[in-house]
Amino acid sequence: MKVIAVNGSPRKSWNTATLLQKALDGAASAGAETELIHLYDLKYRGCTSCFACKRKNGIPGHCAMRDDLTDVLEKITRCDVLLLGTPIYFSNITGEMLSFLERLLFSSMTYNIGERCTFPGKISSAFIYTMNVPADAMEKLGYRALFDHYQSLLERLGGPSEILVSNDTYQFDDYSLYEASMFNEKHKAQVRAEQFPIDCRKAFEMGARLAGK
């Protein structure tokens, strides 16, 4: 069992990365081999519409672009579980994560009638989202439609896909150093102390569950 986690945050040890690592720890507890990849360490672009993956007699499911993402995509095609994590920027996933998903998924999408996806394997997946927004505001802003969209895309990899959301996250080590008067540091610290450990436990359990399938 091979489990790969992809961090779409520029931070390597903050909320998103922590939750991904907890999910990997859960997978490891189920006996899986794990790996964590930081997208911000890589130099790559999103899809350039070269359409090499759509050519007749070509190799569907393989992006023809050659850069730092090439080997990562090949690894993912051979894994059993894919864990993605991203903070929410401007009501969406980060640009690096979106470019990654373009490269991962478009090569397996087909323009043929009656076919939805040519991906030959079966990868279970999960998407972890972290955000400043409290849970009640998240629902009012309609973020669930965003999460459902990406869940549907990941299900094209042939396996089930789960969602984990961590709300009202702690952003700074010291709020006094930043212009952020709209946030109550005491409240943020309380959420960090009380809710974030619960989110970490959920991530661990999710990783163990997906790796145990």
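The values are calculated or read from the model by the stated rules, or taken from the named source; none is laboratory data. Given the structure is predicted, the values throughout are model-derived calculations rather than measurements. Cβ coordinates were reconstructed from backbone atoms using ideal geometry, including for glycine residues, and neighbour counts include every protein chain displayed. Ligands, DNA and RNA are stripped out before the accessible areas are found, and what is left, the full protein with its side chains, is counted by its heavy atoms. Shrake-Rupley method; radii C 1.70, N 1.55, O 1.52, S 1.80 Å.
The percentage of C-alpha pairs in the chain whose separation is greater than 30 Å is 24%. Only protein atoms count toward the accessible area here, which uses a 1.4 Å probe; on region 1-131, the carbon and sulfur part of that area reaches 49 percent. In a solvent-free Debye calculation with one equal scatterer on each Cα, what is log10 I(q)/I(0) for region 10-77 at q = 0.13 Å⁻¹, listed in the order of the q values? Those come out to -0.54, one per q.
Separation of region 13-79 and region 164-179, taken as the distance between their Cα centroids, equals 28 angstrom.
Within the set LYS22/LYS140; LYS43/LYS122; LYS12/LYS54; LYS140/LYS188; LYS2/LYS22, which residue pairs have Cα atoms separated by over 24 Å? Flagged as over cut-off: LYS22/LYS140; LYS43/LYS122; LYS12/LYS54. When you filter the GluC sites (Glu not before Pro) in region 147-200 for DSSP loop state and at most 13 other Cβ atoms inside 10 Å of their Cβ, you are left with GLU179. Applied to region 121-129, the Karplus parametrisation 6.51 cos²θ - 1.76 cosθ + 1.60 on θ = phi - 60° returns per-residue 3J(HN,Hα) values of x, 9, 10, 6, 8, 8, 10, 9, 10 Hz, with x for Gly and Pro.
Calculated mean residue ellipticity at 222 nm for the chain: -11000 deg cm²/dmol, from DSSP H runs with n ≥ 4 weighted as -39500 (n - 2.57), summed, divided by the residue count and rounded to 500. For region 64-213, the relative contact order works out to 23 percent when only alpha carbon pairs closer than 8 Å and six or more residues apart are counted.
Applying a DSSP loop filter and a limit of 16 other Cβ atoms within 10 Å to the chymotrypsin sites (Phe, Trp or Tyr not before Pro) in region 91-142 leaves TYR111. Of the trypsin sites (Lys or Arg not before Pro) found in region 102-158, the ones in coil according to DSSP and having at most 14 other Cβ atoms within 10 Å of their Cβ are ARG116, LYS122. Ranking PHE51, PHE90, PHE147 by solvent-accessible area of protein heavy atoms (1.4 Å probe, all protein chains present), from largest to smallest, gives PHE90, PHE51, PHE147.
The dipole here belongs to the chain: it is taken about the Cα centre, uses +1 on the Cβ of Lys and Arg and -1 on the Cβ of Asp and Glu, and is about 740 debye.
Comparing CYS117, CYS50, CYS200 in a Gaussian network model of the chain, where Cα atoms under 10 Å apart are tied by springs, the biggest mean-square fluctuation is seen for CYS50.
Entry comment: accessible area of region 79-213 is 51 Å² per residue, from protein heavy atoms only and a probe of 1.4 Å.
Taken over the C-alpha atoms, region 125-169 has Rg and Dmax values of 11.2, 32 angstrom. Of ASP148, ASP71, ASP80, the residue with the greatest mean-square motion in the GNM of the chain, using alpha carbon springs below 10 Å, is ASP71. Note on region 110-213: Kirkwood hydrodynamic radius from all Cα pairs is 16.2 Å, rounded to one decimal.
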